[in-house]
Amino acid sequence: MIFLTVGTQLPFDRLTRAVDAWAAANPSATVFGQIAQPDASGYRPKNFETCAFLEPAEVERRFQTADAVIGHAGMGTIITALTHAKPLLIMPRRAHLSEQRNDHQFGTAGRFGDKPGVSVIHEEHEAKDAIDRLWTRARTSGDPDAGPAISPVAEARLTKALRTFIWNDA
Amino acid sequence: MTNKVDQPRVLAVASGGGHFVQLRRMRTAWAGCEVHYVTTSDGYRAEIAAEETDGVRPELHVVPDANRWQKLRLLRQLLAIAWVVLRVRPDVIVSTGAAPGYFAIRLGRLIGARTAWIDSIANTETLSLAGQRAGKHADLFLTQWEHLSVEDGDGPRFEGSVL
């Protein structure tokens, strides 16, 4: 199963449409999409099941059971995919397309796109090949591009600095 | 009975989604403290209840969600956070963003709480807008990117990241 997630703030038609086109061409693959609330003219996929939002526990379950994840370049998506060591394809939302208020996802994609198991696309036309590769990797055991699951908690340096601050024993 | 007098009371604040995921990754920093989480979704209740240490379960306070264009909802969020801050009377406030954390830090200073802002790791090229505003009111101001750290003055320091 491929889990598509675009976060809770806004729909992301460019990505949702690209995944729908891929799903149409790959009927044997199961896709489930959390696509936020499309507005009246918003894109509604025809080739896979969707929902607008998921509760946090359900998001966690979808990540756990997915073979691969496709998402916007939000940190919740990236961190959760890395925590579960799932192959991840991200597309950053862009401000000039009114997909986000600013371009921070573009920066995020640049910084996290080279992590093991993570790939990035910027344009809809790149999606077909990228999802093909993602799907192949998802079904390959011992995927050479996969990284180990990251720790469920922050770097020790950060928690130590915070702990010192909280207990006021600098 | 354990010595509750010396145990800091921590208010850990973040909007739902990526900010809250990052906040939760720092939870070992406040293990053993009296912990109150503040977020915008009730859906985290089970996850928070499971974070029990020494028989003490953190509390979850849910406040209205709002983005920075929704002025009325922001006002409702501010009032809800003010209510939580006044009731909990935290010793320390920690936030990763965005608006709820900014409000909590500004209000926390009024009651004498010590405050920490850890700017979201999503902000790779510049600090978040909320961080630019909240940072100068926080006692501890951190960025998760070394290239955004400022070693002197009012800028953020780098002390590692949530990853």
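Rule-based calculations on the coordinates, nothing more; no lab input. Computed from a predicted model, the values in this text were never measured in an experiment. Cβ coordinates were reconstructed from backbone atoms using ideal geometry, including for glycine residues, and neighbour counts include every protein chain displayed.
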Which value results for Rg/Rh of chain B when Rg is the Cα radius of gyration and Rh the Kirkwood radius based on the inverse mean 1/r? 0.95
Within the range B:26-58, the residues whose backbone N lies under 19 Å from a label point placed 7 Å from the Cα of residue B:89 along the Cα-to-Cβ direction are B:33-37
Positive-end residue of B:107, B:83, B:130, charge dipole of chain B with Cβ unit charges: B:83
Over 10 Å intervals from 0, what percent of Cα-Cα pairs in the range A:1-160 sits in each interval? 11, 42, 37, 9, 1
With each label point set 7 Å from Cα along the Cα-Cβ vector, what nm distance links residue A:168 and residue A:46? 6.5 nm
Share of Cα-Cα pairs in the range B:74-163 beyond 23 Å, whole percent, is 21 percent
Rg over Rh of the range A:29-118, using C-alpha atoms and the Kirkwood radius, what does it come to? 0.96
Could you work out how far the C-alpha centroid of the range B:14-88 sits from that of the range A:90-132, in angstrom? 29 Å
Determine which lysines satisfy two conditions relative to residue A:115: a Cα distance under 18 Å, and not lying fewer than 8 residues away in the same chain. A:86
For chain A, the longest principal axis of the Cα atoms and the Cα long axis of helix A:156-166 enclose an angle in degrees, to the nearest 10, of 60 degrees
Angle check, please: helix A:56-65 long axis (alpha carbons) against the longest principal axis of chain A (alpha carbons), in degrees 0 to 90, nearest 10. 70 degrees
So how long is each side of the protein assembly as shown along the principal axes, counting just the alpha-carbon atoms, biggest first, in Å? 63, 45, 41
